[in-house]
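The next block holds one structure in the form of structure tokens; read it before the comments.
The values are calculated or read from the model by the stated rules, or taken from the named source; none is laboratory data. Here the structure is a predicted model, which is why all the values come from computation and not from measurement. Cβ placement follows ideal geometry from the backbone for every residue including glycine, while neighbour counts extend to all protein chains displayed. Just the protein is used for accessible areas: all its heavy atoms, side chains included, with ligands, DNA and RNA removed. Shrake-Rupley method; radii C 1.70, N 1.55, O 1.52, S 1.80 Å.
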Amino acid sequence: MIKFYRRYPSITHRQHRSFSDLSSNSRFHLPIDIDYTMASEEQAKNSTAPATFDAEAADCLMKELRSTFLDGKTKSYEWRSSQLKSLLKMLEDSDKQICDALFSDLSKPEMEAYIHEIAMIKSSCKLALKKLKDWMKPEKTKTNLGTFPSSAEIVPEPLGVVLIISAWNYPLLLSVDPVIGAIAAGNAVVLKPSELAPAMSSLLAKLLGKYLDSSAIKVVEGAVPETSALLEQKWDKIFYTGNGRVARVVMAAAANNLTPVVLELGGKSPVLVDSNIDLTVTARRILSGKWGCNNGQACVAPDYIITTKQYAPVLIDSLKHNLVKFFGEDPMNSPDLSRVGHSRHFARLKKLLDDDKISGKIIHGGQTDKSNLKIAPTIVLDAPEDSLIMSEEIFGPLLPIVTVEKIEDGIEFINSRPKPLAAYLFTNTKQLKEEFVSNISAGGVVINDVTLHLMVDTLPFGGVGESGTGAYHGKFSFDAFSHKKAVLYRGFFGDAPARYPPYTPGKLRLLKALLDGSLFGIIRALFGFS
Amino acid sequence: MEAIVGGFEGELKELREVFNSGKTREASWRRSQLQGILSLFKERESDILKALHQDLGKHHVEAYRDEIGTVMKSATYALGNLKKWMSSKRAKMPLASFPSSAKLVPEPLGVVLIISSWNFPFGLSFEPIIGAIAAGNAVILKPSELSPTCSSVLANTIRDYLDNSAIKVVEGGPLVGEKLLQHKFDKVFFTGGPRVGEVVMTAAAKFLTPVTLELGGKCPAVVDFISSSWDKKIAMKRIIWGKFGACGGQACIAIDYILTQKQFASTLVEMLQKYIKRSFGDNPMESHSIAKIVNKKHFSRLKELLDEPGVKSSIVYGGKSDEQNLFIEPTILLDPLLDSSIMTEEIFGPLLPIITLERIEDSVEFIRARPKPLAVYGFTNNENLKKKMISETSSGSITFNDAIIQYAADTLPFGGVGGSGFGRYHGKYSFENFSHEKAVMMRGYLIDFGFRYPPWNNKKLQLLKSGLRYDYFTLVLIKLGLKSKA
């Protein structure tokens, strides 16, 4: 990693400016009221973030990476495979440090850290290593009569220099998983981890700098000003994980350079719960997807439940019962729950809870502890549609339950809202399953479970509409960072003079037949008929 | 002066309602619309040919070949493959997730906006429309105002042959485009130049609307020394066709300039001259086989390219123009200055610079040093040169020993990279372009692993570790208490 020292001692005044001043110098006004302040003053003081990474530093960085890429080093199988091997070794050597960083940033329980981040990323890396040769191979394709005689193939090639901006809630997974795809595809990479998970950001900078080829893979730490400086550069692809607000800024910045983007966003992932289910398993799965995934702070965490008025009490009972089984009578002190990520986020969640519109509707939990950034698992019954908790993505340990007359009304309810990243259904009724799958548009759909589809590397993971564009995981990661170049080989034999001027009616006949793909038509045309 | 006819809220509302009703998702609807496109082209062929001749001076054989025939071919291909494309695909599942299954379900995006270009007004409107319809979307098409007769014929024929409640045409210029872009679409498909491409993507960013940008670039043709006279003849015809034969060079995949060895240059110029005469006669304008320049603005632009110092002196053939008829004859230039406009901007006209190099392999470096084009062409029998070009240059596509024809290949993705755009279409890629591939995973209740759930303990951790490694033997041992660590 390049350490960005103050290059010109006379610019010390920069350090005294606020974030808002710095961001207004850039063309891209990243919103600073959400998600972009340091988690705490303490962390800010102890931060190892280097001196300001400004436009000039970004230029310099880009120059170096472009030059590395143009030299061709990153394109070879050997380089890609060696980087992936080093990455795997890095993950294997650093289990403990990673868990510590995740605990420091998010109080993430070791189990979650292991299952949801470390194990998944190792598996992703191993898959890429195993399949790399296959993925890099050109794909032969058929050709049709229009170009006969010819042969064709599709050749994957790297895009060039790519930017990956990741999020704070799964800071290891969401940073390294796209990096794996970018490396496998042969690109040079800049990773900008989230500053809201500072321990992990710093650890990634250190580890990637140590284990990987720093002439081609770099980490730039920082917040709004650094991100703005990066976004001014011309990238060959930008991969962004985060929220819709910042995504708009990223895409607008990308538009200036006609840079393609992948936006992995979020949304309100609904869970439609029928009465024809195995209640205990359903409750356990919902709970583990909600509170067992970073305490609800996951893009695919179940956001809210929809069930029938009749079934709601039964479901709520089981949820409450299993909540106690999972986290004990005093969940605020359970070691198995992550805390809320940072204080701004805590304030936002508190606002959702304090909303007048839901007063009297909290039927479980609701306790908060500001100093420890903890909020108890909370269930809210029938919050009005215009309440805050029902209008924005919750991203926390609050679970609204919406009741409807008939279960089919749930489908309409979901469809009247923006397309989410994931939609879930619990039922044993075949027809309901079919209706749900064909009528609900979401990034991904899971029947009778939640969030698991992320672990299947043969499934593309990405959103649609407000929940994002593009996909990754498995081969889809490789594809996301590749250009699939069409290659057409023609010989000089077998030329159809029909297409060249001077044009004649005979040529037109032959052309019509060729484009129709009709062999018979061609023969007729050649003999002067039709 | 274009009439501003409201903000299109009414039209968009109708399209949304129709889409939400599910009509466009039915296979029968999609089929009927694709059939409608075939009928449109069969029955209104003469109107289309007339319009293309009016706006662009296209010869009817060229017009048929490039815009009618190719669209009909694509619509037929889509009809033949629709069922396959619409069906879900099973995804392989790891054993650890047993018993569960997964599939990929394609679904339409919703209401899509297609903005097409003036040089192939029918082709570049209908190819994406075919994809959008096949994928089950509702469509708004905004054709280019720079080919007004074609735009009008497009509006009339689509109104007559296709379902107006779901497929609409909005005519007009930049102001109309701007108004449209103030609305939220589920996808925007743009064909045109990079400057407007940027405007389109910036507008789309406000709604997080995904876009496809089909742009252009300077498509080079590397012309190697070819020994066989038969091969040389074919190569010349194809090069001339690739430069002048498609809309008079005003095509995103037209050959922009040639790279060749110094020794071959004079032979090349001679042969090109010979075949230009053969194809277009002594007076190309009279042959009516080359499209005219679309308007005065582009005509002046091309003339200015020729008038630059260092360029004018390099003209070795042609150079004459007729402003009245918006015609520029096929023109060849030999080694114009590399930093002149003709060598730095996309030409989009019948001017063909030839750049000479010491060795033909130097062409690879030359191409790499410049923005990625939509297409790279190589006329050569040298297999090593072909391999070098494929692995060391980057472009939307690369074609050997021919030009432009990749446009007609249904099995090859058509689209750019870098400055030439992103996203792709043609054949199944058109269908995919306007679809969302939804991942659907189905689980049963039969097997539920208790170690998935908190409260966490070391035993559960070890079980999960071995489960994730698909190491079931260890998993069983731990469960039985015979092993403590995975």
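Projecting the Cα atoms of B:35, B:60, B:77 onto the charge dipole of segment B:1-102 (Cβ charges, centred on the Cα centre) puts B:77 farthest toward the positive pole.
How would you order B:428-434, B:148-154, B:364-370 from highest to lowest mean count of nearby Cβ atoms within 10 Å? List each step's numbers first, then the result.
Numbers: B:428-434: 22.7, B:148-154: 21.1, B:364-370: 14.6.
Averaged packing, sorted descending, gives the order B:428-434, B:148-154, B:364-370.
Per residue of peptide A:512-521, the mean number of Cβ atoms on other chains within 10 Å of the residue Cβ is 3. Taking amide hydrogens as placed 1.01 Å from N in the peptide plane, the amide H of residue A:189 sits under 5 Å from those of A:162, A:217, A:218, each at least 5 positions away in sequence or on another chain. Relative to the compact-globule estimate of 2.2 N^0.38 Å, the Cα radius of gyration of segment B:1-137 comes out at 1.35. Once the Kirkwood radius over Cα pairs is known for the protein assembly as shown, the Stokes-Einstein relation at 20 °C and 1.002 mPa s delivers a diffusion coefficient of 71 µm²/s. Once each part is reduced to its C-alpha centroid, what is the distance from segment B:308-335 to segment A:101-117 in angstrom? When both Cα centres are located, 69 Å separates them.
Surface analysis of segment B:384-436 yields an accessible area of 22 Å² per residue, using protein heavy atoms and a 1.4 Å probe. Remark: segment A:178-192, residue by residue, has Karplus-estimated 3J(HN,Hα) of x, 4, 4, x, 5, 5, 4, 7, x, 9, 8, 10, 10, 10, 10 Hz, where x stands for each Gly or Pro and the curve is 6.51 cos²θ - 1.76 cosθ + 1.60 at θ = phi - 60°. Remark on residue A:443: its backbone amide H falls under 5 Å from those of A:421, A:422, A:464, a criterion applied only to residues 5 or more positions apart or on other chains, H modelled at 1.01 Å from N. For segment B:228-269, the alpha-carbon coordinates run over 29, 22, 13 Å along the three principal axes, in decreasing order.
Quick one: in segment B:20-79, what % of C-alpha pairs are over 19 Å apart? Present the calculation step by step, with values, prior to reporting the outcome.
Numbers: 708 of 1770 pairs.
Cα-Cα pairs of segment B:20-79 separated by over 19 Å account for 40 percent.
Under the definition of partner shielding as Cβ atoms of other protein chains within 10 Å of a residue Cβ, what is the mean value for peptide B:428-441? Don't jump to the answer; show the numbers that get you there.
On the way: counts 0, 2, 0, 0, 0, 0, 0, 1, 11, 8, 14, 17, 13, 15.
Mean partner-chain Cβ count within 10 Å for B:428-441: 6.
Per residue, the accessible area of segment B:257-364 comes to 45 Å² when a 1.4 Å probe rolls over the protein heavy atoms.
Using the 2.2 N^0.38 Å rule of thumb for compact globular proteins, work out how segment A:312-396 stacks up: its C-alpha Rg over that value, please. Let's see the in-between values first.
On the way: Rg = 13.0 Å, N = 85, 2.2 N^0.38 = 11.9 Å.
It is 1.09.
Derived scalar couplings between HN and Hα for segment B:55-70 equal 7, 10, x, 6, 5, 5, 6, 4, 4, 4, 4, 8, 10, 8, x, 5 Hz in order, rounded to whole Hz, by the Karplus curve 6.51 cos²θ - 1.76 cosθ + 1.60 (θ = phi - 60°), x for Gly and Pro. Modelled spin-label separation between residue B:83 and residue A:369, with each label point placed 7 Å from Cα along the Cα-to-Cβ direction: 6.3 nm. Take the residue pairs B:84/B:438; A:140/B:386; B:387/B:428 and return only those whose Cα atoms are more than 18 Å apart. Among B:84/B:438; A:140/B:386; B:387/B:428, the Cα-Cα distance tops 18 Å for B:387/B:428. Estimated from helical segments only, the mean residue ellipticity of the protein assembly as shown at 222 nm is -12500 deg cm²/dmol, where each DSSP H run of four or more residues counts as -39500 (n - 2.57). For segment A:154-202, the mean projected area of the C-alpha convex hull, equal to one quarter of the hull surface, is 3.5 nm². In segment B:69-142 the Cα-Cα distances spread across 5 Å bins starting at 0 as 3, 14, 19, 17, 15, 10, 7, 6, 4, 3, 1 percent of all pairs.
When you restrict to C-alpha pairs under 8 Å that are six or more residues apart and normalise by the size of chain B, the relative contact order lands at 18 percent.
What is the Å³ per residue value for the convex hull set by the Cα atoms of chain A? Numbers along the way, then the final one.
Values: hull volume 102.8 nm³, N = 530.
Dividing the Cα hull volume of chain A by its residue count gives 194 Å³.
Go through A:291, A:252, A:497 and say which Cα lies farthest out towards the positive end of the charge dipole of chain A; charges sit on Cβ, +1 for Lys and Arg, -1 for Asp and Glu. The Cα lying farthest towards the positive end belongs to A:497. To the nearest ten degrees, helix B:123-134 and the longest principal axis of the Cα atoms of chain B are 20 degrees apart. Using only side-chain charges placed at the Cβ, +1 for Lys and Arg and -1 for Asp and Glu, the dipole size of segment A:444-530 relative to its Cα centre rounds to 780 debye.
For residue B:398, nonlocal amide neighbours, meaning residues 5 or more places apart or on other chains whose placed amide H falls under 5 Å from its own, are A:486, A:487, A:488, B:376.
For chain B, the orientation-averaged shadow of the C-alpha convex hull comes to 29.4 nm² (one quarter of the hull surface).
Just to verify a number: FRET efficiency for residue A:245 and residue A:309, C-beta to C-beta distance, R0 = 45 Å, to 0.05? Let's see the in-between values first.
Numbers: r = 35 Å, r/R0 = 0.78.
Efficiency computed from Cβ-Cβ geometry: 0.80.
Per residue, the convex hull around the alpha carbon atoms of segment B:230-389 comes to 108 Å³. Compute the distribution of all C-alpha to C-alpha distances in segment B:139-214, in bins of 5 Å from 0, and list the percent of pairs in each, rounded to whole numbers. Calculated P(r), rounded to whole percents: 3, 15, 25, 25, 19, 10, 3.
Return the value, in Å² to the nearest 100, of accessible area buried between chains A and B (probe 1.4 Å, both sides summed). Walk me through the intermediate numbers first.
Values: alone 24180 and 22320 Å², together 37980 Å².
The summed interface area works out to 8500 Å².
Within the accessible surface of segment B:131-272, defined with a 1.4 Å probe on protein heavy atoms only, the carbon and sulfur portion equals 57 percent.
DSSP assigns beta bridges within the protein assembly as shown; of those with both partners inside it, close to 35 percent run antiparallel. Counted residue by residue at 0.36 nm each, then reduced by the alpha carbon distance between them, the extension gain from residue B:304 to residue B:20 reaches 97.1 nm.
For segment A:77-221, divide the Cα radius of gyration by the Kirkwood radius and give the resulting Rg/Rh value with two decimals. Mind showing how you got there, number by number?
Details: Rg = 17.9 Å, Rh = 16.3 Å.
Rounded to two decimals, Rg/Rh equals 1.10.
The alpha carbon centroids of segment A:245-306 and segment A:324-392 are separated by 17 Å. For the pairs A:320/A:370; A:507/B:292; B:297/B:320; B:142/B:184; B:73/B:184; A:507/B:372, note any where the Cα-Cα span goes beyond 26 Å. Long pairs (Cα-Cα over 26 Å): B:73/B:184; A:507/B:372.
Counts of other chain beta carbons within 10 angstrom of each beta carbon in peptide A:446-458 average 6. So if I take the centroid of the Cα atoms in segment A:416-457 and the same for segment B:163-224, what is the distance between those two points in Å? Value for the Cα centre distance between the two parts: 32 Å.
I need the fraction of alpha carbon pairs in segment B:213-295 separated by more than 17 Å, rounded to a whole percent. Don't skip to the end; give the middle numbers.
Values: 1728 of 3403 pairs.
It works out to 51 percent of all Cα pairs.
Taking every DSSP bridge with both residues inside chain B, close to 35 percent are antiparallel.
Normalised by the number of residues in chain A, the mean separation of alpha-carbon contacts (under 8 Å, six or more apart) gives a relative contact order of 17 percent.
Whole-Hz Karplus values for segment A:65-78 come out as 5, 4, 5, 4, 5, 5, 5, x, 4, 6, 7, 6, 4, 4 Hz, taken residue by residue from phi with 6.51 cos²θ - 1.76 cosθ + 1.60 and θ = phi - 60°; glycine and proline positions read x.
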